[in-house]
Structure formats: C-alpha cells, structure tokens
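Participant: Mind looking over this structure? Questions follow.
The values are calculated or read from the model by the stated rules, or taken from the named source; none is laboratory data. Keep in mind it's a predicted model, so treat the numbers as computed, not measured. We place every Cβ from the backbone using ideal geometry, glycine too, and count neighbours over all the protein chains shown.
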C-alpha cells in the first residue's frame, strides 16, 4: 500500500495564484496519493509575516516544495516520488 503524502497549502482569500495552484493539484491525476490541508495565513500573525509576499506556498511532508506556481506534472512527479519514501526531498527552484 502506498503512503499518503501530507500536503499543506498556505493561502489566503482572493488569491488567484492560490486557486491556480489548487487547480494544478487537481489536474495532476494523483489525488489518491496525498491529503491536503489549506491554511489561511491571515488567521495566524506568524504565518502572515512569513508568507505575506510568498503565497501560494505548498509544503509536502513538512518541506517547502513549491512557491507561486505549480505544473500538474511537476506536482505528480514529486508526490509519486515520495509515496514510497520515508524522508522528503525538497525540489530545487
């Protein structure tokens, strides 16, 4: 059985890039391999200070993996690569 990868999307209301990132994740074709939690940075002063100019930020298994833009194939490759691993590896920008 494959491991479910933990994905956290740091976002905020009205963020067009965030919506595009969610769409890319949906279009990746690997929905069964990950669970996603959306975190609105405006609800936490520390997160807002950290990510105010960086959203969307996508953390995968605790590693900041993508910022601003995401292609479905890149996301799928990252998630499928981690599905059987115990340690995440960050993508290089």
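Participant: Quick test of your reading of the structure: residue 31 fulfils all but one of (1) closer than 12 Å to residue 5 by Cβ; (2) at pLDDT 95 or above. Name the failing condition by number.
Facilitator: Every condition holds for residue 31 apart from (2).
Participant: Of the residues 37, 64, only one is assigned to a strand (DSSP E or B), at pLDDT 95 or above and surrounded by fewer than 13 Cβ atoms within 10 Å (Cβ to Cβ); which?
Facilitator: Testing whether each residue is assigned to a strand (DSSP E or B), at pLDDT 95 or above and surrounded by fewer than 13 Cβ atoms within 10 Å (Cβ to Cβ) leaves just 37.
Participant: I'm told residue 82 meets every condition in (1) under 20 Å from residue 18 (Cα atoms); (2) at pLDDT below 95; (3) touching a strand residue (DSSP E or B) at 6+ places or on another chain (Cβ under 7 Å) except one. Can you identify the failing condition by its number?
Facilitator: It is condition (1) that residue 82 fails.
Participant: Looking at 31, 24, 13, which is the one that is in contact (Cβ under 8 Å) with a residue 24 or more places away in the chain and within 13 Å of residue 75 (Cα to Cα)?
Facilitator: 24
Participant: Give the residues of the range 40-57 that are surrounded by 13 or more Cβ atoms within 10 Å (Cβ to Cβ) and either assigned to a loop (DSSP other than H, G, I, E, B) or touching a strand residue (DSSP E or B) at 6+ places or on another chain (Cβ under 9 Å) (or both), sorted by residue number.
Facilitator: Across the range 40-57, the qualifying residues are 40, 41, 44, 47, 50, 51, 55, 56, 57.
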